[in-house]
1. Need pairs with beta-carbon distance below 7 Å; first residue closer than 24 Å to Thr26 by Cβ and modelled with pLDDT under 90 and within region 45-71, second surrounded by 11 or more Cβ atoms within 10 Å (Cβ to Cβ) and of a type in the set (Ser, Thr, Tyr); sequence gap 6+ or separate chains.
2. List every residue pair whose Cβ atoms sit under 9 Å apart, with the two residues 6 or more apart in sequence or on different chains, where the first one lies in region 1-25 and is open to solvent by less than 100 Å² (accessible area, probe 1.4 Å) and the second, anywhere, is assigned to a helix (DSSP H, G or I).
3. For region 27-51, give me the residue count where each residue is open to solvent by 90 Å² or more (accessible area, probe 1.4 Å) and of a type in the set (A, V, I, L, M, F, W, C).
4. Are any residues in region 72-106 hydrophobic (A, V, I, L, M, F, W, C) and modelled with pLDDT of 90 or more, and if so, which ones?
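The values are calculated or read from the model by the stated rules, or taken from the named source; none is laboratory data. Here the structure is a predicted model, which means the values were calculated and not measured. With ideal geometry, Cβ positions are generated from the backbone for all residues, glycine too; neighbour counts draw on all protein chains shown. For accessibility, only protein heavy atoms count, side chains too; no ligands or nucleic acids. Shrake-Rupley method; radii C 1.70, N 1.55, O 1.52, S 1.80 Å.
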Amino acid sequence: MRIELWLAFVAASAVLLVIPGPTILTVISYSVAHGPKARVPLVAAVALGDCTALALSLVGLGSLLAASAFWFTVVKWVGGSYLLYRASSCFAPAWPTAGQRPSRRPTRPPGCSSTPTG
């Protein structure tokens, strides 16, 4: 690798690391909203997700998806379906499970607004 290309990569990586992205903004907003006790599990989850993405990239999953239009489409549909499921669970009322008394306010899944919509 030429030194100019490597220096450009290092400079671009440094800029991207300094700019707070959606993950950092999520950690900050969740910590402010739920207190310092919520920060540690969220940071651990973010680190686990980043490590998982790195490991999948290292074993060549990105190359496989780039080479196969079918598997890339499968991953897109699975991801889109998951996002629709998460969005629908944010707007659906929380139903009590068997043996549980219904509460006055329905609870929302993690990541959804704490106030009911409607």
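1. Val46/Thr23
2. Hits for this filter: Pro20/Ile28; Thr23/Val46; Thr23/Gly49; Thr23/Asp50; Ile24/Val46.
3. Residues in region 27-51 being open to solvent by 90 Å² or more (accessible area, probe 1.4 Å) and of a type in the set (A, V, I, L, M, F, W, C): 4 in total.
4. Passing the criteria: Phe72, Val74, Val75, Trp77, Val78, Leu83, Leu84.
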